[in-house]
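Read the structure below first, then the notes.
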Amino acid sequence: MRIERAMLADLARGAAFLGSGGGGDPYYSLLLAEAAIERRGPVTLIPLSSLADDALIVPCGWIGAPTVSVEKLPNGSEAVAGLRRLEAIMGRRIDAVLPIEIGGGNGLAPLIAAADMGIPVVDCDGMGRAFPESQMAIFNIRGLSACPSVITASCGALTVIETDDNLAHERIARSLSVALGGIAHMVEYPLTGAQARAHAITGSISAAIATGAAIREARAARRDPFAALAEALCATGLYPHCRTLFDGKIVDLERETRGGFSVGNVIIDGFGGQGRMEIEFQNENLIARQDGRIRAMVPDLITIMDRETADTITTERLKYGQRVKVIAAAAPAMLREETALRFVGPRAFKLGTDFIPLENLDAAETR
């Protein structure tokens with residue numbers, strides 16, 4: 001598949017939803033990707049199955065607080081600078097790139113580098129959604145090393161991280177992102193083609209494009225965009241369950257930038273006597289409770305959307321008074337495995353509960 005400029009808006013719309021409120025607002029990444037494709041032409045999207053065993057495949061994306069990303073703009077060359085340094089370290093050319101997470105602006109981040117470097121993007125990612133910390137990538141869960149890793153900033157600063165401990169890598173990278181103004185670009189988890197085929201979450205970029213296109217087409221045809229979203233997600237096979245959890249108005253919001261993250265909670269009063277929903281977030285939405293009862297939890301996706309347009313509202317864009325719908329979708333199966341839940345389940349975020357899949361929660365009594 002060739003990703004033309006006209007497809008980018010669909011990708012941005014779908015990636016915004018898959019970000020579960022995080023990954024950064026895709027608006028600036030969309031502008032940069034449009035400019036890159038205008039300069040260099042369409043980007044080729046290739047399947048994981050096409051990779052040679054010894055190919056060098058590199059995930060990339062942004063690290064930091066999404067609240068900063070809406071104010072501190074990139075210079076547009078961070079990704080290429082980081083990838084070129086990684087090539088020098090590894091002594092060979094990079095064959096293809098992928099998003100470390102499909103969610104939000106990070107879903108488009110590799111396209112900008114791919115266009116400028118003349119290499120393809122692989123139809124996969126490392127999280128199947130967005131998560132706030134690097135060690136939550138499926139590559140760490142499966143025991144692969146994050147290093148060598150390169151961080152670049154809009155000021156031109158470049159730092160190489162070398163460590164055998166992926167949690168230490170996250171802590172070093174997080175501290176650097178704070179020191180560099182709250183956000184920076186990172187390349188990490190360099191993979192062979194064989195490792196990418198074995199461990200990456202396949203098909204997530206084409207799933208984001210299909211999801212974004214479904215919303216756009218439904219709006220144009222005056223059909224229900226939320227129904228179209230649910231149908232498109234289920235059709236991907238990656239996100240087999242989707243439902244509307246809540247419909248209401250934001251009546252309270254607490255949000256702060258702390259330790260390199262956007263953290264807080266939002267309260268939504270329901271229309272038609274639905275009660276009240278509270279959602280906690282750390283960059284991404286983590287858990288949704290309706291009148292104290294859990295309705296969805298990480299790693300399943302929880303996304304707040306404009307109830308009229310079905311545009312995703314990322315956590316840094318939430319405001320008092322917005323009329324919204326809260327949509328939940330099942331995470332890819334790899335993230336629901338017992339081993340993965342130690343890294344991305346509710347207890348990894350100190351939420352005090354074991355994971356219960358979205359499709360089972362209505363039958364469970366959870367507080």
Requested in this report: Please work out the Cα center distance from region 129-175 to region 7-42, rounded to the nearest Å.
Outcome: 22
Query raised in the report: Mind checking Rg over Rh on region 165-242, alpha carbons, Kirkwood formula for Rh?
Result: 1.17
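Please report the projected area of region 1-82's Cα convex hull averaged over all directions, in nm².
One quarter of the hull surface, i.e. the mean projection, equals 6.6 nm².
Which of the three applies to region 226-367, rounded, prolate or oblate, going by the alpha-carbon gyration tensor with a ≥ b ≥ c and a/c under 1.5 meaning rounded?
Details: a/c = 1.43, a/b = 1.15, b/c = 1.24.
Taking the square roots of the gyration eigenvalues as a ≥ b ≥ c, region 226-367 is rounded.
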Requested in this report: Normalise the Cα radius of gyration of region 52-169 by 2.2 N^0.38 Å (N = residues in it) and let me know the number.
Outcome: 1.01
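Name the shape class, rounded, prolate or oblate, that the alpha-carbon gyration tensor gives for region 234-314, where a ≥ b ≥ c are the square roots of its eigenvalues, rounded holds for a/c under 1.5, and otherwise prolate holds if a/b is larger than b/c and oblate otherwise. Before the final figure, lay out the partial values.
Details: a/c = 1.55, a/b = 1.10, b/c = 1.42.
Oblate, because a/c is 1.5 or more while a/b does not exceed b/c.
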Query raised in the report: Just how far, in whole angstrom, is region 288-306 from region 313-367 if you go by their alpha carbon centroids?
Result: 6
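Only sites in a loop by DSSP and with at most 13 other Cβ atoms within 10 Å count here; which trypsin sites (Lys or Arg not before Pro) in region 81-163 make the cut?
Numbers: sites: ARG84, ARG85, ARG92, ARG93, ARG129, ARG142; in loops: ARG92, ARG93, ARG129, ARG142.
Passing both the DSSP loop test and the Cβ count: ARG92, ARG93.
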Report task. Would you grab the residues whose amide H sits under 5 Å from the one on CYS60? Only those 5+ places off in sequence or on another chain, please, with H modelled 1.01 Å from N. Result -> LEU98, ILE100
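Treat every Asp and Glu Cβ in the chain as -1 and every Lys and Arg Cβ as +1, leave all other atoms uncharged, and give the resulting dipole magnitude about the Cα centre to the nearest 20 debye. Please list the in-between numbers first.
On the way: 37 positive and 44 negative charges, 86 e Å.
Charge dipole of the chain: 420 debye, to the nearest 20.
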Requested in this report: Express the accessible area of the chain per residue in Å², computed with a 1.4 Å probe while the remaining protein chains stay in the model.
Outcome: 37
Report summary line: Calculated from DSSP helices alone, with each H run of at least 4 adding -39500 (n - 2.57) and the total divided by the residues of the chain, [θ]222 nm to the nearest 500 comes to -9000 deg cm²/dmol
Query raised in the report: Residue by residue through region 294-301, which ³J(HN,Hα) values in whole Hz follow from phi under the Karplus form 6.51 cos²θ - 1.76 cosθ + 1.60 (θ = phi - 60°), with glycine and proline marked x?
Result: 5, 10, 6, 8, 4, x, 4, 7
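For region 109-221, what is one quarter of the convex hull surface built on the Cα atoms, given in nm²?
Values: hull surface 34.7 nm².
So the Cα hull casts an average projection of 8.7 nm².
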Query raised in the report: How do 275-286, 173-184 rank on mean C-beta neighbours within 10 Å, highest first?
Result: 275-286, 173-184
Report task. Rank-order 327-333, 224-230, 203-209, 355-361 by packing density, defined as the average count of other C-beta atoms within 10 Å over each peptide's residues, highest first. Result -> 203-209, 327-333, 224-230, 355-361
Report summary line: Reduced to Cα centres, the span from region 67-106 to region 181-220 in Å works out to 14
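Which peptide among 57-63, 103-109 comes first, and what is the full order, when sorted by highest mean count of other Cβ atoms within 10 Å? Intermediate values should be presented prior to the final figure.
Numbers: 57-63: 27.4, 103-109: 32.6.
Put in order of decreasing packing, that is 103-109, 57-63.
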Query raised in the report: Once phi is turned into θ = phi - 60°, what whole-Hz ³J(HN,Hα) does the Karplus curve with 6.51, -1.76 and 1.60 give for every residue of region 269-279, x standing for Gly and Pro?
Result: 8, x, 7, x, x, 6, x, 9, 10, 10, 10
Query raised in the report: P(r) for the chain: what percent of alpha-carbon pairs falls in each 20 Å bin, starting at zero?
Result: 33, 60, 8, 0
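Per the Cauchy relation, a quarter of the hull surface: what is the mean projected area of the convex hull of the alpha carbons in region 53-108, in nm²?
Details: hull surface 18.0 nm².
For region 53-108, the mean projected area of the Cα convex hull comes to 4.5 nm².
The values are calculated or read from the model by the stated rules, or taken from the named source; none is laboratory data. The structure displayed is predicted, hence computed values, not measured ones. Note that we place each Cβ from the backbone using ideal geometry, even for glycine, and neighbour counts take in every protein chain shown. All accessible areas refer to the heavy atoms of the entire protein, side chains included, with ligands and DNA or RNA removed. Shrake-Rupley method; radii C 1.70, N 1.55, O 1.52, S 1.80 Å.
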